[in-house]
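Worksheet: the structure to be examined is printed underneath.
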Amino acid sequence: MTDINKILEIKPNNIKPSQGKVLISEPFTNDYYFKRSVVLLAEHNEEGSFGMVFNKPLYINLNELIKDFPKIDAPLYIGGPVKTDSLFYIHKFPEIENSIKINEELYWGGDIDNIKEYIATNLFNRDNIRFFIGYAGWSPKQLNEELKENSWVVTHAKTDILLNESPASIWNKIVIDLGADYAHWVNFPTNPSMN
């Protein structure tokens with residue numbers, strides 16, 4: 001294998017997907033939703049996988065799209081290509097009724113009236129809740145097939161990177177944290193044919 005092919009080779013890291021883990025797209029994915037994306041897996045089981053893309057902002061505020069929502073300074077994100085007519089949210093509040101625990105710090109969903117109450121009392125802000133239009137979903141075994149094709153690398157990511165890092169730098173930051181086998185990905189052009 002030539003040196004350039006070795007550099008371009010996508011190496012699996014053998015971490016298995018599970019709830020709370022993060023999927024990092026390989027650097028040459030050209031899909032609109034998943035190009036250089038970071039997906040937090042909110043669920044992963046024998047029925048399939050469900051997650052949100054954390055680094056694709058829509059550059060509009062939630063209140064611009066949903067008029068009957070309490071005022072909150074919270075941008076919307078593209079969660080993925082499934083159910084793009086629906087609102088989803090990931091937050092840090094276990095006491096929200098019917099929310100589902102993702103990991104020790106994050107929860108998804110929950111009673112929308114609870115969410116509105118928390119917003120109205122200023123308990124939510126852009127550091128502890130993220131709103132998404134649509135989600136990323138995989139049928140049973142579909143994600144495993146994509147992992148075999150090296151479309152994704154599975155890793156852990158700190159909550160503060162997901163919620164507090166600039167969306168434009170989340171992918172780079174997590175890729176660098178993956179170590180030397182992956183750090184060079186950040187230097188690849190986003191569109192190799194333009195180079």
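From the set of residues in region 166-183 that are farther than 13 Å from Ser37 by Cα, in a helix (DSSP H, G or I) and aliphatic (A, V, I, L, M), which is modelled with the highest pLDDT?
Ranking the qualifying residues of region 166-183, first place goes to Ile176.
Say we look at region 156-195 and pick out the residues that are among the β-branched types (Val, Ile, Thr) and within 12 Å of the chain's Cα centre (by Cα); which of these is nearest to Glu104 (Cα to Cα)?
Thr159
Report, by residue number, each residue of region 47-67 that is closer than 22 Å to His156 by Cβ and either surrounded by fewer than 15 Cβ atoms within 10 Å (Cβ to Cβ) or without any contact (Cβ under 8 Å) to a residue 24 or more places away in the chain (or both).
If the condition is that a residue be closer than 22 Å to His156 by Cβ and either surrounded by fewer than 15 Cβ atoms within 10 Å (Cβ to Cβ) or without any contact (Cβ under 8 Å) to a residue 24 or more places away in the chain (or both), then Gly48 is the only one that fits.
Given the criteria among the charged types (D, E, K, R), over 19 Å from His44 (Cβ atoms) and either in contact with a helix residue (DSSP H, G or I) (Cβ under 8 Å, 6 or more places away or on another chain) or at pLDDT below 90 (or both), does Asp85 qualify?
In short, no.
Of all residues in region 149-162 being free of Cβ contacts under 8 Å to residues at least 60 places away in the same chain and outside any loop (DSSP other than H, G, I, E, B), which is surrounded by the fewest Cβ atoms within 10 Å (Cβ to Cβ)?
The residue in question is Asp160.
Cβ contacts < 7 Å: first residue in contact (Cβ under 8 Å) with a residue 24 or more places away in the chain and part of a loop (DSSP other than H, G, I, E, B), restricted to region 114-134; second residue small (Gly, Ala, Ser) and surrounded by 14 or more Cβ atoms within 10 Å (Cβ to Cβ), any location; separation 6+ or different chain. Result?
Qualifying pairs under 7 Å: Arg126/Ala74.
So, in region 116-138, of the ones that are modelled with pLDDT of 95 or more and farther than 15 Å from Tyr77 by Cβ, which residue ends up surrounded by the most Cβ atoms within 10 Å (Cβ to Cβ)?
Selected residue: Trp138.
Exactly one condition in (1) among the aromatic types (Phe, Trp, Tyr); (2) assigned to a loop (DSSP other than H, G, I, E, B); (3) under 23 Å from Lys21 (Cα atoms) is false for Phe88; which is it?
Here Phe88 clears every test but (2).
Of the residues that sit in region 1-46 and are surrounded by 16 or more Cβ atoms within 10 Å (Cβ to Cβ) and acidic (Asp, Glu), which one is modelled with the highest pLDDT?
Filtering region 1-46 for residues that are surrounded by 16 or more Cβ atoms within 10 Å (Cβ to Cβ) and acidic (Asp, Glu), the one modelled with the highest pLDDT comes out as Glu43.
So, of the residues in region 69-113 that are closer than 23 Å to Arg36 by Cα and among the aliphatic types (A, V, I, L, M), which turns out to be surrounded by the fewest Cβ atoms within 10 Å (Cβ to Cβ)?
Among those residues, the one meeting the criterion is Val82.
The values are calculated or read from the model by the stated rules, or taken from the named source; none is laboratory data. All figures in this text were calculated on a predicted structure; none of them were measured in a lab. Note: ideal-geometry Cβ built from the backbone for every residue, glycine included; neighbour counts use all protein chains shown.
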